[in-house]
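The values are calculated or read from the model by the stated rules, or taken from the named source; none is laboratory data. Please read all numbers here as calculations on a predicted model, not as lab measurements. Using ideal geometry, Cβ is built from the backbone for each residue, glycine included, and neighbour counts are taken over all protein chains shown.
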Amino acid sequence: MNIRRTNLFFLAIFLVWFSISLQGQKRDLDFRVDSLLRLMTLEEKVGQMTQYNGFWEVTGPVPVGGDARKKYDHLKNGLVGSMLNVTGVEEVRKMQEMVVKETRLGIPLIFGLDVIHGHRTVFPIPLAEAASWDLDAIEKSARIGATEASARGINWTFGPMVDISRDARWGRVMEGAGEDPYLGAKIAAARVKGFQGNDLSAPNTIAACAKHFAGYGFAEAGRDYNTVDVGTSTIYNAILPPFKAAAEAGVRTFMNSFNVLNGIPATGNAFLQREILKGKWGFTGFVVSDWGSAWEMMDHGFARDLKHAAELAANAGSDMDMESSGYVNHLKALVEEGKVTMGVVDDAVRRILRVKFELGLIDDPYRYCDENREKTLVGSAEHHAAALEVAKKSIVLLKNEGGLLPLSKSQKKIGLIGVLASEKNSPLGSWRFGSIDSSAVSVLEGMQKISKDIAYAQGPSLVTGIVDFEQELKINETDRTGMKEAIVLAKKSDVVVLVLGEHGFQSGEGRSRAKLDLPGLQQELLEAVYKVNKNIVLVLMNGRPLTIPWAASRVPAIVEAWHLGSESGNAIAQTLFGEHNPSGKLPMSFPKSVGQLPLYYNHYPTGRPWPKPEVFWSHYTDESNDPLYPFGLG
Ligand code: GLC
């Protein structure tokens, strides 16, 4: 008994010491932050609250005039606290040196980037990773994304995106964890831990950012940036849980969202940022606006002008202004006019400086500028092996009737059809910053590694013209070149592997779709192939649930393979040939028709949930209702 009592005594002593030392560390950090804050002018404080996009070479001549010149001058005068989209040790170091050496206080920049599903080694899109339901694999994916991005000078990711959504028309469902708040919360915490690790000051960890706060995934009609008007129950039971989980996991930044929430734009929403986040949840990090979202409060009709938008955003708790130039142009005057107190500014700057201290940037501004790490870690074989494992775990077997799968390696006459089967870009998904174009392993390449008897026919193209991250894709609806060859191959094959779905840029930001059918001529191709050969393995390569009732009721084998990143083709081929047994489960429901949306498994039962002899029950008269969806969650 004495030994036990002695152990308890020493344990108590340790715990007291540990909490005192934690408190001590916190006091030291607060002391350092306040000491620096006291030295700063109002202009310099406003500078810390300003974030610019990098789009010019500081080693080369800055474009004369225009924003670039102004931004360059602001950088040199200490009026910028953060840059986004500046990558590579050389460019980061040059920009950091300029700020540290040429500004009065030399406060380092924090460099942010969208590290959403990997960086140079691209992992499956987040919705695909959610289908793995494997939190360790998801955490490891974020860890590797952080390792590669930090090796290229980045210290902050604008991730994880934790928006719950029940509407597959919204293109950004690819970026989240699906429709379930519980799974979404677990995945949010896993990604935060993966990005931030156990020591934020280590050179291979980066600050994470829970976004988009809040409600963005509930845009009316699934139309991106559209109004969000939801009740208290939805806010507290569906929207907030993943954000709260991220905060409890220690996420150091939040990003507010483009949408209004119940009439008030999130960037100017004190209920979200002050009452909930910084008040109830006690969040000590900082909030960054989304790109231009402060400016857009004018478009929302909520702010009279940019100065009014800056006033509303600052007072509502939006600490850093991404690319609106509202703070850098108006915040000093707003403080002098008493419309924004110095206390509001000091609180925002204190939060920003605290994260910079925690990252180790103040003590060593070049901590993330190690050329050797950049050379050895970025795109390593080890990272590709990890990406392959996560990709395999993300694949969902939706159907396999008649034992068509797994394919036999000795099987002859396998016909592979579909333009997406040879695509090396689409599998990278739409948030592929940091990757190299056409670097994904295609399905064709993956299958040819396993079997020499793969015959391939591309079929009609999916898109026409230029493919660009920021431009509308033009979907091919008319050019049937390749259709005949595909049908001929289907006819003479024992089994057809048909890869259909969406281009990588058909989902993601700004990519809402009013219809969720197989785009372009793909349904026509599917039916033409089916007419001559019913032994079809349909592989879906898509960024969101699609409406595939025709295929669901006829095609014997269907595999959901999402956009799986760099190792896409290997993961799909190893699964089709039985080297990997698919274990993924859907994180989002597949509707039969787009008219059913929003659709989610954990819906209220209604007072009339079951069929009745008359029409008075919850159903559609023009859609089969049993079940509500061909493929449901889990
Ligand atoms: C975009 C996105 C946001 C991203 C930011 C910076 O508009 O909404 O998710 O992190 O701008 O690229």
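Annotations
- Within the range 307-335, the set of residues being hydrophobic (A, V, I, L, M, F, W, C) and either within 28 Å of the chain's Cα centre (by Cα) or buried (at least 18 other Cβ atoms within 10 Å of the Cβ) (or both) comprises ALA309, ALA310, LEU312, ALA313, ALA314, ALA316, MET320, MET322, VAL328, LEU331, LEU334, VAL335.
- Verdict on SER426 being in contact (Cβ under 8 Å) with a residue 12 or more places away in the chain, of a type outside the set (Phe, Trp, Tyr) and surrounded by fewer than 23 Cβ atoms within 10 Å (Cβ to Cβ): no
- Flag for ALA270 being in the same structural domain as GLY215 (by TED's automatic domain parsing), more than 19 Å from the chain's Cα centre (by Cα) and at pLDDT 95 or above: yes
- The one condition in (1) more than 14 Å from the ligand (Cβ to nearest atom); (2) under 22 Å from LEU359 (Cα atoms) that ARG304 fails to fulfil: (2)
- Whichever residue in the range 113-153 is assigned to a loop (DSSP other than H, G, I, E, B) and aliphatic (A, V, I, L, M) and, among such residues, is farthest from SER394 (Cα to Cα): VAL115
- Some residue of the range 242-255 being more than 23 Å from ASP319 (Cα to Cα) and surrounded by fewer than 24 Cβ atoms within 10 Å (Cβ to Cβ): no
- Residue match in the range 520-532 (condition: buried (at least 21 other Cβ atoms within 10 Å of the Cβ), farther than 27 Å from GLY145 by Cβ and outside the structural domain of LEU462 (by TED's automatic domain parsing)): no
- Beta carbons closer than 7 Å, at least 6 apart along the sequence or on distinct chains, pair a first residue in the range 495-516 that is of a type in the set (Phe, Trp, Tyr) with a second that is more than 16 Å from the ligand (Cβ to nearest atom) for PHE505/VAL467; PHE505/LEU473.
- The test for being within 16 Å of the ligand (Cβ to nearest atom), crowded, with 19+ Cβ neighbours inside 10 Å and either closer than 26 Å to GLY326 by Cβ or among the small types (Gly, Ala, Ser) (or both) holds for VAL288.
- Scanning the range 274-285 turns up no residue that is over 19 Å from ALA188 (Cβ atoms), under 21 Å from the mean Cα position of the chain (by Cα) and more than 14 Å from the ligand (Cβ to nearest atom).
- Every residue from the range 392-407 that is farther than 23 Å from GLU129 by Cα and touching a Gly at 6+ places or on another chain (Cβ under 8 Å): LEU407
- Residues in the range 244-266 that are in a helix (DSSP H, G or I) and out of contact with any Leu (no Cβ under 8 Å at 6 or more places or on another chain) were compared, and the one that is farthest from the ligand (Cβ to nearest atom) is GLU248.
- Test: ALA561 is surrounded by fewer than 23 Cβ atoms within 10 Å (Cβ to Cβ) and aliphatic (A, V, I, L, M): no
- The set of residues from the range 88-110 being surrounded by fewer than 19 Cβ atoms within 10 Å (Cβ to Cβ), part of a loop (DSSP other than H, G, I, E, B) and either touching a strand residue (DSSP E or B) at 6+ places or on another chain (Cβ under 6 Å) or hydrophobic (A, V, I, L, M, F, W, C) (or both) comprises just one member, LEU105.
- Meets criteria (more than 16 Å from the ligand (Cβ to nearest atom), surrounded by 24 or more Cβ atoms within 10 Å (Cβ to Cβ), of a type in the set (Gly, Ala, Ser) and more than 20 Å from GLY504 (Cβ to Cβ)) for SER141: no
- Among the residues of the range 459-491, those that are touching a strand residue (DSSP E or B) at 6+ places or on another chain (Cβ under 8 Å), assigned to a loop (DSSP other than H, G, I, E, B) and of a type outside the set (A, V, I, L, M, F, W, C) comprise GLY459, GLY465, ASN476, ASP479, GLY482.
- Given (1) more than 19 Å from MET174 (Cβ to Cβ); (2) surrounded by fewer than 24 Cβ atoms within 10 Å (Cβ to Cβ); (3) in contact (Cβ under 8 Å) with a residue 40 or more places away in the chain, index of the condition ASP224 fails: (1)
- Going through (1) modelled with pLDDT of 95 or more; (2) within 25 Å of ILE154 (Cα to Cα) one by one, TRP431 falls short only on (1).
- Counting only helices (runs of 4 or more DSSP H) that fall entirely inside the range 294-369 and contain at least 2 residues that are out of contact with any Lys or Arg (no Cβ under 6 Å at 6 or more places or on another chain) and touching a residue at least 60 places away in the same chain (Cβ under 8 Å), the qualifying elements are 326-336, 342-358.
- Qualifying residue in the range 97-107 (condition: away from the ligand (no atom under 12 Å from the Cβ), hydrophobic (A, V, I, L, M, F, W, C) and touching a Phe, Trp or Tyr at 6+ places or on another chain (Cβ under 6 Å)): no
- The single condition among (1) under 27 Å from GLN596 (Cβ atoms); (2) within 16 Å of the ligand (Cβ to nearest atom); (3) of a type in the set (Phe, Trp, Tyr) that PHE213 does not satisfy is (1).
- So ALA561, is it hydrophobic (A, V, I, L, M, F, W, C), within 30 Å of LYS409 (Cα to Cα) and touching a helix residue (DSSP H, G or I) at 6+ places or on another chain (Cβ under 6 Å): yes
- The range 227-243 - residue that is in a helix (DSSP H, G or I) and of a type outside the set (Val, Ile, Thr) and, of those, farthest from the ligand (Cβ to nearest atom): SER233
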